[in-house]
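Visitor: Below you will find the structure I want to go over with you.
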Amino acid sequence: MYAIGLYFRLIGACIRGQMQYRVSFLLETTAQFFATFIDFLTVYFIFNRIPSLRGWSLGEVALLYGLAATGFAIEEFLGRGFDVFHHKVVHGDFDRVLIRPWGTFFQILADEFPVRRLGRLGQAVLVLAFAIRYVGLRWTWAKALYLPVALGSGCVFYLAIIIAQATMCFWTVQAVEFANIFTYGGTEMASYPLEIYADWFRKLFIFVIPLAFVSYFPALYLLDKPDPLGFPIWFAFLTPPVCFAVLGLAVALWRYGVRHYQSTGS
Amino acid sequence: MRLYLEVARKSFRRQMAYRTANLAGIAVNFFFTCLRVFIFTSVLAHRTQVAGYNVPQIVTYMCLTEALMMTAGAIGHWELMDSVITGQVAMDLARPWDFFFYWLSRNLGRAAYFAVFRGIPLFLLSRVIFQIQLPANGLTAVLFLVSLCLAMLVSSALGFLTNFTAMWTTDARGVASMVTTVMWFFSGMLLPPEFLPHWLRTLVWWLPFQAQLYAPTTIYLGRTGELDRGQLLALQALWALILMGVGKAMLAAGQRKLTIQGG
């Protein structure tokens, strides 16, 4: 319980710090909003030219987009400390983290909270809301409960990716841009129906980096759409266990990495 | 002139130190290539043409724009901005060279590095995996290379302009991320401008960004859209001149209001 209180105190200090530069904050938040907005415009203009993409309408693709982008946007608040973790390793600042009487994982998690990402989250939620209205989703109690769980699981999944990326720094010291494939690339991948991809590409994102559980399977369930690829509808309910399993793996990797940390000595 | 060539060469060689980063970059760019090829081939599934593109053309378009992105479609390099923050800019301004052409050469050197070590590997990978088209004839290939050089010039000048706003704002990142967003949309990086509705397409010709990726790619493909290749090249050259003029003017204005941070 004390940890939760401490987390909010640290985050609060971080937010107050960012509010010192109000104009810059507003500009960056707006920039974030428009950057992701243009992303979605691309999808919109494609659908301006064609009525449907392999049987998926604009609203349905927007639902995929909204699910993936919202999960990622929430993660960006929580996991920023891991995203910029390489600075700590390069400058030897991780030594300081190690001598404090709290776990390393907790400290990095509470290290950063980029408020300007509100712009991105706002855009993602707007697209999600638009999609839900546009496709005329038939709500049930189960679906109403399922949606927040799916979004939370998506966030957990991206958090795992970012932690794995940060862990690499223990060995490489420098930032590994490679993980961008699964964060930014992954979000774009998850914004389109899985059927449009080649078979190896699909399998990669179902079984190896299970991003399909962040948007594709949840969307099928919410839309009552039978899977053209033949996966059963209950695959949607595997989303939370799959995402938390990936997080568990990432945390284990992190622990292993911390034990192998060698300071740069600077 | 020899000085600036030397500056460009140094910049090229400096970039060569980041070998692992470049390999990771190739992987990321190639992933996005696959993604965009899959998306746009399925847009064209069961259709012979969308927005004037057939399947081989759209595949080549996607592969080429992604391969050229770091060469002609990237402005987020912070060396100039960092030199404003550290105050190094005062020393560089005092040196007996033209400050604008110094940074232009540095940006061009980096762009040339990315053409060779990012563009060519990505091109070859795309050729093997997606069987992209080759230029129809020798003339097309030559005109494509000319267009690519102009694109590098436009992109390097834009890089200077966005970074140099640091003279007024100290942190140019906000401006740069705004410009990058708009640039990606209007340069044809995210989707070919032919997909846009008419009113937006008009805007494309009034902005410099089409000179970065759309023009060289269209010339490579040998397509004639609203403009033929002669007009595309002329427009690129015009934009290069305009942006260089703006750069010089901005430099003059910046020198008058120079604030050195720290000491």
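The values are calculated or read from the model by the stated rules, or taken from the named source; none is laboratory data. Remember, it's a predicted structure, so these values are computed and weren't measured experimentally. Quick reminder, even Gly has a Cβ in these numbers, built from the backbone with ideal geometry, and neighbours come from all protein chains shown. For the accessible areas, the whole protein counts, side chains as well, though only heavy atoms, and no ligand, DNA or RNA atoms are used. Shrake-Rupley method; radii C 1.70, N 1.55, O 1.52, S 1.80 Å.
Visitor: Six or more apart or on different chains, Cβ under 7 Å: which pairs go from a residue in segment B:32-59 that's within 10 Å of chain A (Cβ to nearest Cβ) and among the small types (G, A, S) to one that's open to solvent by less than 10 Å² (accessible area, probe 1.4 Å) and part of a loop (DSSP other than H, G, I, E, B)? Could you list them?
Guide: Hits for this filter: B:A51/B:P192.
Visitor: For segment B:111-161: of the residues being touching a Gly at 6+ places or on another chain (Cβ under 6 Å) and more than 19 Å from B:G73 (Cα to Cα), which is most open to solvent (accessible area, probe 1.4 Å)?
Guide: Step by step, filter segment B:111-161, then rank; the result is B:A136.
Visitor: Looking at segment B:162-172 only, could you name the residues that are crowded, with 19+ Cβ neighbours inside 10 Å and of a type outside the set (F, W, Y)?
Guide: Scanning segment B:162-172 gives B:T162, B:N163, B:T165, B:A166, B:M167, B:A172.
Visitor: Is it fair to say A:G5 is among the small types (G, A, S), within 23 Å of the chain's Cα centre (by Cα) and assigned to a helix (DSSP H, G or I)?
Guide: Considered against the rule, which asks whether it is among the small types (G, A, S), within 23 Å of the chain's Cα centre (by Cα) and assigned to a helix (DSSP H, G or I), A:G5 comes out as no.
Visitor: Looking at B:G159, B:G225, which one is outside any helix (DSSP H, G or I) and not β-branched (V, I, T)?
Guide: Numbers: B:G159 fails: outside any helix (DSSP H, G or I).
It is B:G225.
Visitor: Return the residues of segment B:106-137 that are within 14 Å of B:C63 (Cβ to Cβ) and polar (S, T, N, Q); say none if nothing qualifies. Break it down into steps so the answer makes sense when it comes.
Guide: Of all residues in segment B:106-137, those within 14 Å of B:C63 (Cβ to Cβ) come to B:118-135.
Answer for segment B:106-137, where residues must be within 14 Å of B:C63 (Cβ to Cβ) and polar (S, T, N, Q): B:S126, B:Q131, B:Q133.
Visitor: With the structure loaded, tell me whether A:V258 is under 23 Å from the mean Cα position of the chain (by Cα) and touching a residue at least 12 places away in the same chain (Cβ under 8 Å) or whether it fails that test.
Guide: no
Visitor: If I go through segment B:1-31 residue by residue, how many of them are open to solvent by 70 Å² or more (accessible area, probe 1.4 Å) and within 13 Å of chain A (Cβ to nearest Cβ)?
Guide: Total satisfying the criteria: 5.
Visitor: Residues in segment A:224-232: is at least one open to solvent by 10 Å² or more (accessible area, probe 1.4 Å) and either assigned to a helix (DSSP H, G or I) or modelled with pLDDT of 95 or more (or both)? Full working, then the answer.
Guide: First pass over segment A:224-232, keeping only residues open to solvent by 10 Å² or more (accessible area, probe 1.4 Å): A:224-232.
After this cut, where a residue has to be either assigned to a helix (DSSP H, G or I) or modelled with pLDDT of 95 or more (or both) as well, the list is none.
Scanning segment A:224-232, I find no residue that is open to solvent by 10 Å² or more (accessible area, probe 1.4 Å) and either assigned to a helix (DSSP H, G or I) or modelled with pLDDT of 95 or more (or both), so the answer is no.
Visitor: Taking the condition of being part of a helix (DSSP H, G or I) and more than 10 Å from every other protein chain (Cβ to nearest Cβ), how many residues in segment A:178-199 meet it?
Guide: Total satisfying the criteria: 4.
Visitor: If you check A:L64, A:L27, which single one turns out to be open to solvent by less than 40 Å² (accessible area, probe 1.4 Å) and either within 14 Å of chain B (Cβ to nearest Cβ) or part of a loop (DSSP other than H, G, I, E, B) (or both)?
Guide: Values: A:L27 fails: open to solvent by less than 40 Å² (accessible area, probe 1.4 Å).
Sole residue among the options that is open to solvent by less than 40 Å² (accessible area, probe 1.4 Å) and either within 14 Å of chain B (Cβ to nearest Cβ) or part of a loop (DSSP other than H, G, I, E, B) (or both): A:L64.
Visitor: Within the group B:G254, B:G230, B:G247, which residue is under 24 Å from B:E194 (Cβ atoms) and at pLDDT below 95? Give the derivation first.
Guide: Numbers: B:G254 fails: under 24 Å from B:E194 (Cβ atoms); B:G247 fails: under 24 Å from B:E194 (Cβ atoms).
Within the list B:G254, B:G230, B:G247, the selection yields B:G230.
Visitor: Name the single residue that is surrounded by the fewest Cβ atoms within 10 Å (Cβ to Cβ) among those in segment B:181-212 being within 8 Å of chain A (Cβ to nearest Cβ) and either outside any helix (DSSP H, G or I) or touching a residue at least 60 places away in the same chain (Cβ under 8 Å) (or both).
Guide: B:P197
Visitor: Here is a further query. Among the residues of segment A:106-160, which ones are farther than 20 Å from A:G17 by Cβ and of a type in the set (V, I, T)?
Guide: A:V125, A:V127, A:I132, A:V135, A:T140, A:V149, A:V156
Visitor: Here's a follow-up. Could you go through segment B:205-216 and let me know if any residue there is over 22 Å from B:A67 (Cα atoms) and in contact with a Leu (Cβ under 8 Å, 6 or more places away or on another chain).
Guide: yes
Visitor: Would you mind telling me which numbered condition in (1) out of contact with any Asp or Glu (no Cβ under 9 Å at 6 or more places or on another chain); (2) surrounded by 13 or more Cβ atoms within 10 Å (Cβ to Cβ); (3) away from chain A (no Cβ under 14 Å); (4) part of a helix (DSSP H, G or I) B:M70 fails?
Guide: Among (1) out of contact with any Asp or Glu (no Cβ under 9 Å at 6 or more places or on another chain); (2) surrounded by 13 or more Cβ atoms within 10 Å (Cβ to Cβ); (3) away from chain A (no Cβ under 14 Å); (4) part of a helix (DSSP H, G or I), B:M70 violates only (3).
Visitor: Check A:S215, A:S263 and return the single one that is hydroxyl-bearing (S, T, Y) and open to solvent by less than 20 Å² (accessible area, probe 1.4 Å).
Guide: A:S215
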